[in-house]
Structure formats: structure tokens, C-alpha cells
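Colleague: A single structure is presented below for examination.
The values are calculated or read from the model by the stated rules, or taken from the named source; none is laboratory data. Keep in mind it's a predicted model, so treat the numbers as computed, not measured. Here the Cβ positions follow ideal geometry from the backbone for every residue, glycine too, while neighbour counts run over all protein chains shown. Only protein heavy atoms, including side chains, enter the accessible area calculation; ligands, DNA and RNA are left aside. Shrake-Rupley method; radii C 1.70, N 1.55, O 1.52, S 1.80 Å.
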Amino acid sequence: MSKTFWTILVVIVVVFGGILLFKQDKAAAPTGGGNSQPTKHIKGSGTTGVVLVEYGDFECPFCAQYYPLVEQVAEKYKDQITFQFRHLPILEAHRNAFAAARAAEAASDQGKFWEMYNLLFQNQETWSKGNNPKKQFEQYAAQLGLNVEKFKTDSASSTVNDRINADLNEFKKTGLQKSTPTFILDGKKIEARSLEEFSKLIDEAIAKKQKAQ
């Protein structure tokens with residue numbers, strides 16, 4: 001066969017592959033912003049008025065590593081601070097991140113956000129390796145006793161997309177570089193790698209709040 005034929009064939013394959021990749025990326029990416037407010041997934045009584053926010057990505061391995069530590073922090077200060085989780089899926093690095101955020105929000109619509117949050121982080125190694133983890137998310141929904149058909153509908157809805165986008169837009173307002181996990185304590189980004197380091201920063205924030213009263 002001629003060199004021209006093979007050249008044309010290669011061009012066709014590249015273009016067709018690009019179209020498929022574009023479609024896959026478009027399907028995975030957030031669409032629209034709507035007028036949704038940022039999510040309000042919180043733990044703790046918040047009696048001191050101190051708020052710790054985590055911007056996280058369910059497919060981020062560092063978020064999964066931090067997950068047990070964050071659970072310890074939330075448990076230790078549950079009567080004093082408010083811990084809040086917001087979505088920051090980084091599609092450039094984690095192709096299933098937005099789908100996982102959708103699953104968490106769909107579970108939230110049936111009152112089981114934190115339960116799905118737990119399953120997503122605890123099983124990250126399993127679902128993050130697949131090309132399409134939706135079936136696994138549906139299994140988690142069934143495991144949690146959710147209405148699976150409603151879960152499927154909600155996870156694909158524009159309403160759920162808009163909520164996740166609202167979290168993304170809220171993060172943009174901070175002016176911080178996009179990375180996960182990002183922790184913000186009373187409006188200020190913090191760095192901590194142990195329960196002791198988190199405790200020191202939180203105790204200081206509580207003392208500052210009490211002094212200002």
C-alpha cells in the first residue's frame with residue numbers, strides 16, 4: 001500500500017481518537033454553574049464558632065491518607081468546632097473524581113452523605129482503578145440501604161452538578177492554588193500532618209475566638 005494511504009489512515013485514527021477523548025472528558029467534567037449555594041456537609045456542634053473546612057477529592061490518594069486523621073480531629077473537637085467537607089475534584093489528575101462527588105451528593109439527597117463519604121475513601125483503591133465506577137457506586141448505595149434508582153437519577157442530575165460546581169467556585173474565591181486536600185481554619189489555610197499539629201492550630205483558633213468575645 002502507498003505511503004499516502006498510511007498517512008491518511010493515521011490522520012483518521014488520530015482525529016477519531018481525539019473526538020472520543022473529547023467526548024469522554026466532556027462527559028466527566030462539570031457542566032453549568034446554576035445558582036446553587038456551596039454544600040453544607042458538617043460535623044460537630046461548633047460551640048466555639050471555629051470552623052475547619054476541607055476541600056477534598058475522593059480519588060486523591062493524599063485525601064485518603066488524611067481521611068483517618070481527619071476523622072480523629074472531627075471526633076476530638078466534635079463538641080467545640082464545626083468540620084465541613086467541600087468538593088474539589090481535580091479532573092486533570094483523577095478521571096473518576098467528579099463521578100465520586102456526584103455519588104456522594106446523590107447519597108446526601110437520601111440523608112447518607114457521610115456514610116457514602118466513608119465508603120468512597122475506605123474503598124478508593126477499588127473503585128478508582130476502573131474506567132467506569134458507577135456500578136460500584138450503585139453497589140455502595142444498595143449497601144447503605146438507599147433507593148438505588150433514585151440514586152442513579154440524582155447522581156446524573158444537573159442539580160447535583162451545580163452543587164459541586166458551587167464548591168469549586170467557592171474555592172476559586174480563596175485565591176489558593178488548586179490542590180487536595182486543602183484545609184482552611186477560620187478562613188486561613190493551614191498545614192498539619194498529625195493530630196498534634198491539627199490540635200495546636202485548632203486550640204489557638206479557639207483561644208483567639210474566646211479572647212475576642
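Colleague: Taking into account only those residues within segment 49-96 that are under 16 Å from the mean Cα position of the chain (by Cα) and of a type in the set (Ser, Thr, Tyr), which is farthest from Lys189 (Cα to Cα)?
Modeller: Tyr67
Colleague: Which of the following residues is more than 20 Å from Tyr67 (Cα to Cα) and either of a type in the set (Asp, Glu) or open to solvent by 80 Å² or more (accessible area, probe 1.4 Å) (or both): Asn165, Asn161, Asn169, Asn147? Outline the logic, then answer.
Modeller: Numbers: Asn165 fails: either of a type in the set (Asp, Glu) or open to solvent by 80 Å² or more (accessible area, probe 1.4 Å) (or both); Asn161 fails: either of a type in the set (Asp, Glu) or open to solvent by 80 Å² or more (accessible area, probe 1.4 Å) (or both); Asn169 fails: either of a type in the set (Asp, Glu) or open to solvent by 80 Å² or more (accessible area, probe 1.4 Å) (or both).
Going through Asn165, Asn161, Asn169, Asn147 in turn, just one is more than 20 Å from Tyr67 (Cα to Cα) and either of a type in the set (Asp, Glu) or open to solvent by 80 Å² or more (accessible area, probe 1.4 Å) (or both): Asn147.
Colleague: Now, a different point. Could you tell me whether any residue of segment 178-191 is in a helix (DSSP H, G or I), open to solvent by less than 20 Å² (accessible area, probe 1.4 Å), under 26 Å from Gln37 (Cα atoms) and touching an Asp or Glu at 6+ places or on another chain (Cβ under 8 Å)?
Modeller: Taking every residue of segment 178-191 in turn, none turns out to be in a helix (DSSP H, G or I), open to solvent by less than 20 Å² (accessible area, probe 1.4 Å), under 26 Å from Gln37 (Cα atoms) and touching an Asp or Glu at 6+ places or on another chain (Cβ under 8 Å).
Colleague: Any idea which of Ala99, Ala74 is closer than 17 Å to Tyr55 by Cα, in contact with a strand residue (DSSP E or B) (Cβ under 9 Å, 6 or more places away or on another chain) and in contact (Cβ under 8 Å) with a residue 24 or more places away in the chain?
Modeller: On inspection, the qualifying residue turns out to be Ala74.
Colleague: Looking only at residues in segment 90-138 that are in a helix (DSSP H, G or I), polar (S, T, N, Q) and open to solvent by 60 Å² or more (accessible area, probe 1.4 Å), which one is modelled with the highest pLDDT? Give the derivation first.
Modeller: Step one: of segment 90-138, the residues in a helix (DSSP H, G or I) are 97-108, 113-122, 124-127, 134-138.
Imposing the further condition that a residue be polar (S, T, N, Q) reduces the set to 108, 118, 122, 124, 126, 136.
If we keep only those that are open to solvent by 60 Å² or more (accessible area, probe 1.4 Å) too, we end up with 122, 126.
Details: Gln122: 98, Thr126: 94.
By that ranking, first place goes to Gln122.
Colleague: Do any residues in segment 123-139 that are hydroxyl-bearing (Ser, Thr, Tyr) have Cβ atoms under 7 Å from those of residues that are part of a helix (DSSP H, G or I), where the two are at least six apart or on different chains, and which pairs are they?
Modeller: Thr126/Gln136
Colleague: Just checking, how many residues over segment 157-192 are touching a residue at least 12 places away in the same chain (Cβ under 8 Å) and among the basic types (Lys, Arg)?
Modeller: Residues flagged as touching a residue at least 12 places away in the same chain (Cβ under 8 Å) and among the basic types (Lys, Arg) within segment 157-192 amount to 3.
Colleague: Looking at segment 151-165, can you tell me whether even one residue there is among the hydroxyl-bearing types (Ser, Thr, Tyr), assigned to a loop (DSSP other than H, G, I, E, B) and under 19 Å from Ser36 (Cα atoms)?
Modeller: Yes: segment 151-165 contains one or more residues that are among the hydroxyl-bearing types (Ser, Thr, Tyr), assigned to a loop (DSSP other than H, G, I, E, B) and under 19 Å from Ser36 (Cα atoms).
For every residue, the table says whether it meets (1) assigned to a helix (DSSP H, G or I); (2) modelled with pLDDT under 90.
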{"site": "Leu20", "(1), (2)": "yes, yes"}
{"site": "Asn35", "(1), (2)": "no, yes"}
{"site": "Val51", "(1), (2)": "no, no"}
{"site": "Gln84", "(1), (2)": "no, no"}
